[in-house]
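Below is one structure, written out as structure tokens, with a few remarks after it.
The values are calculated or read from the model by the stated rules, or taken from the named source; none is laboratory data. Keep in mind that what you see is a predicted model, and the values were worked out from it rather than measured. Reconstructed Cβ throughout: ideal geometry from the backbone, glycine too, with neighbour counts over all protein chains shown.
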Amino acid sequence: MKKIILPIASALVLLSCAMAPKETAKTENTTTMNEGTIHTLYDFKAKTIDGVDYDFSKLKGKKVMIVNTASECGYTPQYAALQALYAKYDSTGTFEIIGFPCNQFGGQEPGTSTEIKTFCTKNYGVTFQMMEKIDVKGDNQHPIYKWLTTKSENGVEDSQVKWNFNKYLIDENGKYVRHVPSSEEPNSDDIIKWIEGK
């Protein structure tokens, strides 16, 4: 009986030793990749309002404004200013607006993707890129908003999305620039100067 147990025990020891380095290497790799890494916009993907995959690396060379939107908010009329801004600078090929509908503030974006798209088009003639509805804070926060609100990921500042129509400015290299509160209009002097590089 001892002769049978001994070879099995030896084999188990050899097997566990052979597996250990692989597990350790995998853990170290994961830690190195995830901790303290400053990202750019180009590291992210999301779904458009039509359910199509959207790779943000396609925006290389453009300044970008990211906005969390809602259809039933006091700030909803900012859609008009956003669209006017987009219409003015889109032809230059140097500026883009990305809208992320969100229902986390007062339940002011309850609609489906189809309803949101229809509302934006019918009432404000929106032609800039709208995305699918997401969470911009909390346990289900979309990765792109984790980057936007976390200094250890964006390299600039921590911020909070406090209400609808917060704006985030990203430079032409995909690097985070700054957070703009809901109360600042999309076409404010500061934002225009930033877009025009003044």
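Of the residues making up the range 147-172, those that are crowded, with 16+ Cβ neighbours inside 10 Å and either touching a Cys at 6+ places or on another chain (Cβ under 9 Å) or part of a helix (DSSP H, G or I) (or both) are W147, L148, T149, E153, N154, V161, W163, N164, F165.
The criterion of at least 1 residues that are without any contact (Cβ under 8 Å) to a residue 12 or more places away in the chain and either outside the structural domain of G125 (by TED's automatic domain parsing) or closer than 18 Å to V136 by Cβ (or both) is met by the following strands (runs of 3 or more DSSP E) wholly inside the range 43-99: 45-47.
Output yes when any residue across the range 112-130 is surrounded by 17 or more Cβ atoms within 10 Å (Cβ to Cβ), of a type in the set (A, V, I, L, M, F, W, C) and in a loop (DSSP other than H, G, I, E, B), and no when none is. Within the range 112-130, one or more residues are surrounded by 17 or more Cβ atoms within 10 Å (Cβ to Cβ), of a type in the set (A, V, I, L, M, F, W, C) and in a loop (DSSP other than H, G, I, E, B).
Flag: T127 does not match the condition of being more than 12 Å from the chain's Cα centre (by Cα) and without any contact (Cβ under 8 Å) to a residue 12 or more places away in the chain.
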